[in-house]
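Visitor: Below: one structure in structure tokens.
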Number of protein chains: 2
Amino acid sequence: MNAPVSPIERLHLELPELDWITDPGRIARLSQDFAWFSPVLDRQLKDKRADAVVRPRTEEEVRALVSACARLSVPITIRGSGTGNYGQTTPLAGGVVLDMTGYNAVQWVRPGVARAQAGIRLGELEKHAKASGQELRCIPSTYRSATLGGLFGGGFGGVGSINYGPLGAPGNVLGLRAMTIEPEPQIVELRGAEALRMHHLWGTNGLVLELEVALAPAHPWLESLVVFDAFDNALAFGNALANAPGIVKREVAFFASPVPDHLAQLAEYLPKGCHAVLSLVDESSESTMLELLQAHGGSMSYRKTAEEVRKSNRTLMEFTWNHTTLHALKVDKSLTYLQSSFVPGHQVEQITAMEKLFAGEVLMHAEFLRNLDGLVTCSALQLVRFTTEERLDEIIRMHREHGVRINNPHTFVVEDGKAGGALPPEVIAMKKRFDPQGLLNPGKLRDWPVSR
Amino acid sequence: MNAPVSPIERLHLELPELDWITDPGRIARLSQDFAWFSPVLDRQLKDKRADAVVRPRTEEEVRALVSACARLSVPITIRGSGTGNYGQTTPLAGGVVLDMTGYNAVQWVRPGVARAQAGIRLGELEKHAKASGQELRCIPSTYRSATLGGLFGGGFGGVGSINYGPLGAPGNVLGLRAMTIEPEPQIVELRGAEALRMHHLWGTNGLVLELEVALAPAHPWLESLVVFDAFDNALAFGNALANAPGIVKREVAFFASPVPDHLAQLAEYLPKGCHAVLSLVDESSESTMLELLQAHGGSMSYRKTAEEVRKSNRTLMEFTWNHTTLHALKVDKSLTYLQSSFVPGHQVEQITAMEKLFAGEVLMHAEFLRNLDGLVTCSALQLVRFTTEERLDEIIRMHREHGVRINNPHTFVVEDGKAGGALPPEVIAMKKRFDPQGLLNPGKLRDWPVSR
């Protein structure tokens, strides 16, 4: 008796040597990311499941899997460690989740540049870079588990973006090796601007195998928390620190009260009700920072030298960017968040205006960074006391009315999130070239429906 | 027979062990700097002479000289290598020129910081820094001969200021050791903001013995010249390169035609009539710069890797900042120059407007840098076809009317140059504390006349 065999079963039969994950619990977990930060995405995505997860170890295994999926028209959703929070790696149409974490070799580290397979964890790559006195230019707070390919496909930047801008700023990613999704997969090296056409598209227009990224010189980073009684002083200090050209830094974050009250693990350093600035500055810049701090009426409550950080394996970087959100949501389930950016040079006035408008409902957490044009501004990841989806939409609308750009984190559609509007033609061309059958992460591009 | 002994003769008699320079030709030379760039200063200063020049080798020798000068009321003008161009080191009232170039030891180089005696040549200090993979944050084009103390006392910044801003940006100079000018000289360590109160004051309010400066990580700098047919394209490229956060650089200079025609030593790389951009970028940023170059329609005419630069001991840094002026004045004696700064973010439109207004008479040479607030802008060192002092004043006035700030390089008075306006009270306080008799470089402070 021959029961009809499903495409997924065919894959298993054809490629038994691959590392398949079949346990339903693990498949469920590997179909999800941190989209639960958003009650909207949580509702939309929490029940989405892959039919199977596979974890290739070599390019040949990737190729065999891709070839079979293309022949059998099985959707492929590429996954790093699932530290994204827009459902980037959640399959909407079943199929295979391609977990890249087993494909994780460092190819080489040279002065200023490193090349590695997409599944390498960023913390691991940073360790390799440190061996030659270098470090990654920008890494997310999730660097311990997040992968290089995941950062490129679904991430933005993070710690270090105060110097180098977002990962997408030309010069940070120098090239990549990608595979087309076809019965006979092609492998192509893309350089410079062409490589960036696969950036921040949720793995919808190409399967990235390797990435070549520029490195920064490693500095001995002093990690500190400074606290203030007054919102204005804390924000002004953070802004001055971020802008000061003579103070070398890797990270500056501003937490308005009551955000610090939500960072339970740092409670002993954050007096109840304080406003705080978290920073990493070069140890040689400490005295200059302290002069600036004194001028703004703040005091230092936490201070670890680079050597202390290294020995303890504990870093404030894991309290920045979306880790702040994570820590806060852990202690208060009623919170969700926003992502927004401000007009460069007007970040202080816009943040102050938003605080006046939404105090108590929208809790300000702003990260200083350079934008694509090199101008210092803030990217805020405000915490929001969630009531209804309607009120959330209203808050977003009111921000926009005040000239604050919202990168809506409550959508899984690429075009509705950070990118905004239609995809540029060169990105569409990349999609046609690398995924002619529309099998990559289907449903995430508005203009490229699942049915195609 | 006892002829009356002059104070200078007394000095010689009291301190015969010092390294005195008595040859009138050498005294004349060591009383001058590059003020001849300005026909105005040249007229005012060319005949000024010290009565003697002394070159101390130890702190004890400096102290003995200072003590004697204070007792005998002999003016002291501190000199590095005389590479300034506002007559900083030209004595207006005779006395002693204190040539610091023999006081030149490196005290130490640590991660991120170096400390050295004021008379060390910057090129020498940079060599010491390079030994541990570091370099100076900002150095002038005159680094081969210019001294650390001279840069601090009479300079501004230079190559590297595109990253760290001017030398005066907090964090670049961390501290200094200074001597008071008194019969019993005091030695004081000043840190941070207090140290900066002696910066850019022509050595009028303190004798700096040692300086502690922050360092930068050394990069393998690719030196290049790129050329364009069109003014607008060249300027837009330079501006984009300077701002691009993902392109690591140390220097970006824009030379509008016909400035490149004046750089005789680079003639083979600078086609007649071209507009050019000179840059130092990290070798790993080259491909990204080339993409930017292609987008702006330029082409690379000169390219040396860091290794080639090192081996040849020839660097494009010696064609930037006031070296451009020097090279041009060598081939065209009718030229003089201006120094100006533009409103950050409006440098392209302001430079373009000035070009329209003065084409042929004011030749644009602009250096990209970060200002004290960390904003990218330009500092221009325009070449000017000199006719009369009245026309020069008119050109300055017209620039100011168009919102372009002129840092008048045709005055030797501190307050009339870069600083502008009155001296801040904390600088005056420093003058009173360190030079109560008013012996340091008298005549250079408007509010502190020689007669005091």
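The values are calculated or read from the model by the stated rules, or taken from the named source; none is laboratory data. Since this is a predicted model, take the numbers as computed values, not measurements. Methodologically, a virtual Cβ is constructed for each residue, glycine included, from the backbone with ideal geometry; neighbour enumeration extends over all protein chains shown. Note: areas computed on protein heavy atoms with side chains; ligands, DNA, RNA excluded. Shrake-Rupley method; radii C 1.70, N 1.55, O 1.52, S 1.80 Å.
Visitor: At least 3 residues that are open to solvent by 10 Å² or more (accessible area, probe 1.4 Å) and in the same structural domain as B:Val213 (by TED's automatic domain parsing) in each: list the strands (runs of 3 or more DSSP E) lying fully within region B:30-130 that qualify.
Guide: B:106-110, B:113-117
Visitor: A further question on this structure: Would you mind stating whether A:Tyr143 is assigned by TED's automatic domain parsing to the domain that holds A:Trp108, out of contact with any helix residue (DSSP H, G or I) (no Cβ under 7 Å at 6 or more places or on another chain) and more than 24 Å from A:Glu426 (Cα to Cα)?
Guide: no
Visitor: Another question, then. Can you find, within region B:378-403, the residue that is most open to solvent (accessible area, probe 1.4 Å) among those that are among the polar types (S, T, N, Q) and in contact (Cβ under 8 Å) with a residue 24 or more places away in the chain?
Guide: B:Ser379
Visitor: Which residues, counting only those in region B:353-386, are closer than 23 Å to B:Gly273 by Cα and either in a loop (DSSP other than H, G, I, E, B) or modelled with pLDDT under 95 (or both)?
Guide: B:Ala359, B:Gly360, B:Glu361, B:Met364, B:Leu381, B:Gln382, B:Phe386 - these are the residues of region B:353-386 that are closer than 23 Å to B:Gly273 by Cα and either in a loop (DSSP other than H, G, I, E, B) or modelled with pLDDT under 95 (or both).
Visitor: Name the residue that is farthest from B:Ser284 (Cα to Cα), counting only residues in region A:117-171 that are within 14 Å of chain B (Cβ to nearest Cβ) and hydroxyl-bearing (Ser, Thr, Tyr).
Guide: A:Ser161
Visitor: Filter region A:203-250 for residues that are closer than 17 Å to A:Ile162 by Cα, of a type in the set (Gly, Ala, Ser) and touching a residue at least 60 places away in the same chain (Cβ under 8 Å); which is surrounded by the fewest Cβ atoms within 10 Å (Cβ to Cβ)?
Guide: A:Ala218
Visitor: Same structure again: For region A:241-258: of the residues being small (Gly, Ala, Ser) and more than 12 Å from chain B (Cβ to nearest Cβ), which is nearest to A:Ala306 (Cα to Cα)?
Guide: So the residue we want is A:Ala253.
Visitor: What pairs come out if I take residues in region A:361-375 that are at the interface with chain B (Cβ under 9 Å from one of its Cβ atoms) and on the phi > 0 side of the Ramachandran plot and pair them with residues that are in a strand (DSSP E or B) and at pLDDT 95 or above whose C-beta lies under 7 Å away, six or more apart or interchain?
Guide: Filtered contacts from region A:361-375: A:Gly374/B:Val376.
Visitor: Further question: Considering each of B:Gly149, B:Gly157 in turn, give the residue that is closer than 13 Å to B:Leu122 by Cα, touching a residue at least 60 places away in the same chain (Cβ under 8 Å), part of a helix (DSSP H, G or I) and under 18 Å from the mean Cα position of the chain (by Cα).
Guide: B:Gly149
Visitor: Let me ask something additional. Out of (1) in a loop (DSSP other than H, G, I, E, B); (2) within 14 Å of another protein chain (Cβ to nearest Cβ); (3) at pLDDT 95 or above; (4) closer than 21 Å to B:Glu415 by Cβ, what's the single condition that is false for B:Ala193?
Guide: All conditions pass for B:Ala193, except number (1).
Visitor: Within region B:172-184, track down each residue that is more than 14 Å from every other protein chain (Cβ to nearest Cβ) and either open to solvent by less than 10 Å² (accessible area, probe 1.4 Å) or among the polar types (S, T, N, Q) (or both).
Guide: Residues satisfying the conditions are B:Ala178, B:Met179, B:Thr180, B:Ile181.
Visitor: Restrict the check to region A:304-315 and report whether at least one residue is closer than 18 Å to A:Ala256 by Cβ and at pLDDT 95 or above.
Guide: No, region A:304-315 has no match at all.
Visitor: Oh, and also: Just checking, which of A:Ala276, A:Ala267 is away from chain B (no Cβ under 14 Å) and either surrounded by fewer than 17 Cβ atoms within 10 Å (Cβ to Cβ) or acidic (Asp, Glu) (or both)?
Guide: A:Ala267
Visitor: Another one. Filter region B:252-264 down to the residues that are in contact (Cβ under 8 Å) with a residue 60 or more places away in the chain and open to solvent by less than 10 Å² (accessible area, probe 1.4 Å), then identify the one that is farthest from B:Phe237 (Cα to Cα).
Guide: That would be B:Leu263.
Visitor: Looking at region B:11-26, I want the residues that are assigned to a loop (DSSP other than H, G, I, E, B) and modelled with pLDDT of 95 or more and have a partner that is surrounded by 17 or more Cβ atoms within 10 Å (Cβ to Cβ) and among the β-branched types (Val, Ile, Thr) with Cβ atoms under 9 Å, at least 6 apart or on another chain. Which pairs are those?
Guide: From region B:11-26, the pairs are B:Leu15/B:Val54; B:Leu18/B:Val54; B:Asp19/B:Val54.
Visitor: Another question, then. Within region A:279-334, work out how many residues are surrounded by 16 or more Cβ atoms within 10 Å (Cβ to Cβ), among the β-branched types (Val, Ile, Thr) and under 30 Å from A:Ala35 (Cβ atoms).
Guide: 4
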